[in-house]
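Before any comments, here is the structure.
The values are calculated or read from the model by the stated rules, or taken from the named source; none is laboratory data. What you are looking at is a predicted structure, and each value in this text was computed from that prediction instead of being measured. A quick note on method: Cβ atoms are made from the backbone with ideal geometry, for glycine too, and the neighbour counts reach across all protein chains shown. The accessibility values were calculated without ligands, DNA or RNA, using every heavy atom of the protein model including side chains. Shrake-Rupley method; radii C 1.70, N 1.55, O 1.52, S 1.80 Å.
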Amino acid sequence: MRASTATLALSLVGASCASLYGETQYNHSCVLDPAIRSCSPKAKPATVDTCCAETYGGLLLSTQFWTIYTGLEDQGQVLPADTWTLHGLWPDFCSGSYTQYCDLSRQYDPDPSPNTTTGEPDGTPVPPYTGPRINPFAESGKLDLLEFMDKYWINQGRENYELWVHEYSKHATCFSTFDVPCYGPDYIPQEDVIDYFETAIRYYLRLPTWDWLDAHDIRPSNSTTYSLSAIEDALEAEYGTTPYVGCSGPSYNETAEGAGSSDDGRTQLSEVWYFFHVRGRPQSGDWLPISQTGSSSCAQASGAIHYFEPAPGSVEE
């Protein structure tokens, strides 16, 4: 749910689009296509089937939250124990810039954020979705998927469903490989929604952030603090390369400990973004982890970061 900083957006956005990228309506089995690495010179829409190789959002990010409460505990919406929760799966351009809400005919987000396709006032407006609530789980019979998502794909301050349709509408519609024509002439409405959810979960399950930090003696605590370097080193040791570590809360130089410092990084651990390329379709799970493309938003000072424990009553018993 990051705010947009990109000025680059696809020009083919529109509610009436049948296809974002001009694919045929044939069945795209992808058996005849080589598993081309995203962001490689061969991953060009003029030379490959964009349903079989990710050609637009080739820099993928599997993103996770660390939150300490949901705000809806009284409604039974709680956090899983000893686990970071899923945020989403994002398709950045290979340059590191990105677009969003690429197909407004598949816009199910009741509160688009941002509310234009570029995040800028002159971008194409993204109207809030006001139609009936979608239920691809019942249509597909995958109620086990719904149960898993309600446990591990958790929103804060709003019901989980709103986070799911936000992530799908903002991000999934910008993958070339999730475009509707890729599902062929027998496409079932919202088949791509389930496909996106399952793919996001496939990568999430490979990335046990809580366990990886715990293995390096980095555990939630309301008294102990940690250094960004220790957190990054722990995750790099397990993932093989350095992910983006995100923090929220006050800047270090706004705290008593950091008074007078020039370090304006944030001090509460809240997110991790794992970057990777894929071979072929993201759905295949054939990934190649790479390092973060930017730098952490967290404070650099030694012992500046809090990894807070969940609030009482906020974790599933």
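When you scan the range 215-231, how many residues do you find that are within 23 Å of the chain's Cα centre (by Cα) and open to solvent by 40 Å² or more (accessible area, probe 1.4 Å)?
Selection size over the range 215-231: 0.
Just checking, does the range 33-42 include any residue being surrounded by fewer than 17 Cβ atoms within 10 Å (Cβ to Cβ), at pLDDT below 80 and either over 28 Å from Val126 (Cβ atoms) or touching a strand residue (DSSP E or B) at 6+ places or on another chain (Cβ under 8 Å) (or both)?
yes
Give the number of residues within the range 268-295 that are assigned to a loop (DSSP other than H, G, I, E, B), touching an Asp or Glu at 6+ places or on another chain (Cβ under 8 Å) and open to solvent by less than 20 Å² (accessible area, probe 1.4 Å).
Qualifying residue count for the region: 1.
Restricting to the range 69-94, and then to whatever is open to solvent by 40 Å² or more (accessible area, probe 1.4 Å) and in contact with a strand residue (DSSP E or B) (Cβ under 8 Å, 6 or more places away or on another chain), can you tell me which residue is nearest to Leu20 (Cα to Cα)?
If we take residues in the range 69-94 being open to solvent by 40 Å² or more (accessible area, probe 1.4 Å) and in contact with a strand residue (DSSP E or B) (Cβ under 8 Å, 6 or more places away or on another chain), then Cys94 is nearest to Leu20 (Cα to Cα).
Please verify whether Phe197 is farther than 29 Å from Asp49 by Cα, in a helix (DSSP H, G or I) and among the aromatic types (Phe, Trp, Tyr), treating the condition exactly as stated.
no
Can you tell me which residues in the range 44-60 are in a loop (DSSP other than H, G, I, E, B) and either more than 15 Å from Asp179 (Cβ to Cβ) or open to solvent by 60 Å² or more (accessible area, probe 1.4 Å) (or both)?
Result: Lys44, Pro45, Ala46, Thr47.
Give, as residue ranges, the helices (runs of 4 or more DSSP H) completely inside the range 114-173 that count at least 1 residues that are polar (S, T, N, Q) and either in contact with a helix residue (DSSP H, G or I) (Cβ under 6 Å, 6 or more places away or on another chain) or closer than 27 Å to Glu271 by Cα (or both).
It comes to 136-140, 160-171.
Looking at (1) at pLDDT below 95; (2) among the aliphatic types (A, V, I, L, M); (3) more than 26 Å from Phe275 (Cβ to Cβ), can you tell me which one Ala9 breaks?
(3)
Is there any pair with a first residue in the range 268-283 that is closer than 16 Å to Leu207 by Cα and at pLDDT 95 or above and a second that is of a type in the set (A, V, I, L, M, F, W, C) and assigned to a loop (DSSP other than H, G, I, E, B) whose Cβ atoms are under 6 Å apart and which are 6 or more apart or on different chains, and what are they?
From residues that are closer than 16 Å to Leu207 by Cα and at pLDDT 95 or above, the pairs are Ser270/Trp66; Tyr274/Leu207; His277/Cys39.
Mind checking which residues of the range 240-255 are open to solvent by 20 Å² or more (accessible area, probe 1.4 Å), under 30 Å from Phe276 (Cα atoms) and either of a type in the set (D, E, K, R) or touching a Phe, Trp or Tyr at 6+ places or on another chain (Cβ under 7 Å) (or both)?
Once the filter is applied, which keeps residues that are open to solvent by 20 Å² or more (accessible area, probe 1.4 Å), under 30 Å from Phe276 (Cα atoms) and either of a type in the set (D, E, K, R) or touching a Phe, Trp or Tyr at 6+ places or on another chain (Cβ under 7 Å) (or both), the range 240-255 yields only Tyr244.
Report every pair of residues separated by at least 6 positions or lying on different chains whose Cβ atoms are under 8 Å apart, first residue within the range 233-257 and at positive phi, second in a strand (DSSP E or B).
Gly240/Pro289; Gly249/Arg266; Gly249/Thr267; Gly249/Gln268; Gly249/Ser270; Gly249/His306
State whether the residues of the range 148-163 include one that is among the polar types (S, T, N, Q) and either farther than 30 Å from Ser314 by Cβ or exposed (fewer than 15 other Cβ atoms within 10 Å of the Cβ) (or both).
Within the range 148-163 (the criterion being among the polar types (S, T, N, Q) and either farther than 30 Å from Ser314 by Cβ or exposed (fewer than 15 other Cβ atoms within 10 Å of the Cβ) (or both)), the answer is no, since none of the residues qualifies.
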